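The values are calculated or read from the model by the stated rules, or taken from the named source; none is laboratory data. Predicted, not measured: the structure shown is a model, and the values here were computed from it. Positions of Cβ are generated from backbone atoms using ideal geometry, with glycine treated the same way; all protein chains shown enter the neighbour counts.
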Amino acid sequence: MSANSADPARRKAVDIVLVKAGRTKIRYPADLLHDDGTHVVVRAAWAGAGVRDFGFVRFEPGDVFTEHYWRDRWYAVKEVRDAEGTLKGWYCDITRPAEVTLADGTPREVVCEDLDLDLWRSADGGTVLRLDEDEFAASGLETTDPRAASAARSALDALELRAHEGDFEALLT
């Protein structure tokens, strides 16, 4: 099933819930664009308060995120565009596979548990950054859930490899 966000009459709302260390980090509404039973795609405005400057990219009011979640992958990929539609790049969260709550067969809530590791790929592919490895180490996940820690590291390695090889966008189809 899929929904076309360009047609307001067909838009379907879904809540995105990012969890970290057992607590809700952020919850925000999004428009459902697609769900094939494994891959869920939504579009949402920047949900943060004000501007978040990472040094390599700024997320700010007006930015639009097209977010990809999978029920069987250990990451989520967020395409980031500015208010005029110019691509900034892709922010990838290493997460447990998404849990999707359905209502009448349609996603109503997507819950992702953030495992601290992240990857940034700039729009031109020239910058690929592994992020927050110190936070991941400090989280204790390697001790409390070694299988999840291994899956998280493998997911980050695989994303980084694809980001450098140039077929990164193929992940999103």
Checklist entry - From GLY62, GLY48, which residue is outside any strand (DSSP E or B), free of Cβ contacts under 8 Å to residues at least 24 places away in the same chain and under 17 Å from ARG27 (Cβ atoms)? => result GLY48
Checklist entry - Considering only residues of the range 111-169 that are surrounded by 15 or more Cβ atoms within 10 Å (Cβ to Cβ), among the acidic types (Asp, Glu) and not in a strand (DSSP E or B), which is farthest from the chain's Cα centre (by Cα)? => result ASP145
Checklist entry - With respect to VAL40, is the statement that it is farther than 16 Å from VAL19 by Cα and either of a type in the set (S, T, N, Q) or surrounded by 15 or more Cβ atoms within 10 Å (Cβ to Cβ) (or both) true? => result yes
Checklist outcome for this item: Checked the range 65-123 for anything farther than 19 Å from HIS164 by Cα, of a type in the set (Lys, Arg) and without any contact (Cβ under 8 Å) to a residue 60 or more places away in the chain; matches are ARG71, ARG81, ARG96
Checklist entry - Taking the range 155-173, which residues are over 25 Å from VAL42 (Cα atoms) and touching a residue at least 40 places away in the same chain (Cβ under 8 Å)? => result none
Checklist entry - Looking at the range 88-103, is at least one residue at pLDDT 95 or above, surrounded by 14 or more Cβ atoms within 10 Å (Cβ to Cβ) and over 15 Å from the mean Cα position of the chain (by Cα)? => result no
Checklist entry - Any idea which of (1) modelled with pLDDT of 95 or more; (2) over 14 Å from ALA44 (Cβ atoms); (3) surrounded by 15 or more Cβ atoms within 10 Å (Cβ to Cβ) is the one THR66 doesn't satisfy? => result (2)
